[in-house]
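The values are calculated or read from the model by the stated rules, or taken from the named source; none is laboratory data. Predicted, not measured: the structure shown is a model, and the values here were computed from it. Cβ sites come from the backbone with ideal geometry, for glycine too, and all protein chains shown count toward neighbours. Accessible surface is based on the protein model in full, side chains and every heavy atom, while ligands, DNA and RNA are left aside. Shrake-Rupley method; radii C 1.70, N 1.55, O 1.52, S 1.80 Å.
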Amino acid sequence: MFTLLIILTVLLYSVSALLQYQKLLKKTDRALNSLPLSPAIFEHRLASKLCGLLAITLHTFVLHKTLHLDSGINLSLFTTGSLVSWLVALVLIISSLRQKVDNLFIAVFPMAALLILLEAVFPHPEPRPYALGVISHILLSILSYSIFTLAAFQAVLLYKQDLTLKRNLSDSFLNSLPPLQTMERLLFEMLWTGFILLSASLISGFLFVDDILNQHMAHKSVLSIISWAIFAILLAGRVFWGWRGHKAIYWTIGGFISLMLGFFGSKLVLEIFLHSPS
């Protein structure tokens, strides 16, 4: 039964991404032919969101089964990755209700489907019990990482969109995105949200996590602090000096890479190469 639930979730994510991709192709064809958009385009959009919403709902049940085990909480590499992808997909589909970000389904939903499959295939380390304070730190870390993941996607799209406009090129995917100013505003909204969550995560970590060196967390803490400093400088630059464009994009990507290495890099080395719980 659980295997069937995983298969259905993966299929729904895949169908949602495929429907969105078909919608993009049809919209491009009609634009090239200078014809008005047909109602089928909006039906595709509704069907894509519905499949995505159903996939996220089923993904919730999958996570409930894999995260909460009798002997503790399972925070292995791919289970954590699955949780992050669920949060990213959830934030994205909520954002799509007020912003034209539906085309990100094409990238985010297949990523979520892949992580569910990897989580099902790879063995898990022994689950561990956690104190309530530590759980709050972990949840804040995962939330902040999820928001910064979306911000990194947004930064890459912003870079490509800016490049396309400067070179006067045509790209059906990028042309379907909101205007450059809207994309940039969305990026900084995500960065502020992620920064607040990361700050809360670091504070809760220092308050509730004991014996950091013995828990293989020293490098995670250092990289997280480096990421926090990068994002703090970027946001200060935005407020005081009006940083935008490529400068904002490069700082966003740099901060995300540092955070990714701290968040997943250590888990990859410890669980896959050293076969040790992280």
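Under a 1.4 Å probe, what is the accessible area of segment 51-128 per residue, stated in Å²?
For segment 51-128, the per-residue accessible area is 43 Å².
Sort Val222, Val15, Val88 by accessible area with a 1.4 Å probe, largest first. Walk me through the numbers before you get to the answer.
Numbers: Val222 85, Val15 60, Val88 0 Å².
Per-residue accessible area, sorted high to low, gives Val222, Val15, Val88.
From the backbone phi of segment 224-236, what are the Karplus-calculated ³J(HN,Hα) couplings (6.51 cos²θ - 1.76 cosθ + 1.60, θ = phi - 60°) in whole Hz, Gly and Pro given as x?
The phi angles translate into 5, 5, 4, 4, 4, 5, 4, 5, 5, 5, 4, 5, 5 Hz.
Quick check on packing: order 231-243, 98-110 by the mean number of other C-beta atoms within 10 Å, highest mean leading.
Output ranking for 231-243, 98-110: 98-110, 231-243.
Among the listed pairs Lys100/Lys247; Lys26/Lys166; Lys160/Lys247; Lys49/Lys166, give every one whose C-alpha distance is greater than 21 Å.
Cα-Cα > 21 Å for Lys100/Lys247; Lys26/Lys166; Lys49/Lys166; rest within.
For a quick check: with amide H placed at 1.01 Å from N, whose amide H comes under 5 Å from Leu69's, ignoring anything fewer than 5 positions away on the same chain?
Asn74
Mind listing the phi-derived Karplus ³J(HN,Hα) values for segment 146-162, rounded to whole Hz, using 6.51, -1.76 and 1.60 with θ = phi - 60°, and x for any glycine or proline?
5, 5, 5, 5, 5, 5, 5, 4, 4, 5, 5, 4, 4, 4, 5, 5, 5
Could you sort 113-124, 153-164 so that the peptide with the highest average Cβ count within 10 Å comes first and the rest follow in order?
By packing density, highest mean first, the sequence is 153-164, 113-124.
Sort segment 58-196 into rounded, prolate or oblate with this rule: let a ≥ b ≥ c be the square roots of the eigenvalues of the Cα gyration tensor; rounded if a/c is under 1.5, and if a/c is not under 1.5, prolate when a/b is larger than b/c, oblate otherwise. Intermediate results must be reported in sequence, preceding the final value.
Details: a/c = 2.93, a/b = 2.05, b/c = 1.43.
The shape class here is prolate.
Between Thr182 and Thr3, take the C-beta separation as r, use R0 = 30 Å, and let me know the FRET efficiency to the nearest 0.05.
On the way: r = 42 Å, r/R0 = 1.40.
With R0 = 30 Å, the Cβ-Cβ based efficiency is 0.10.
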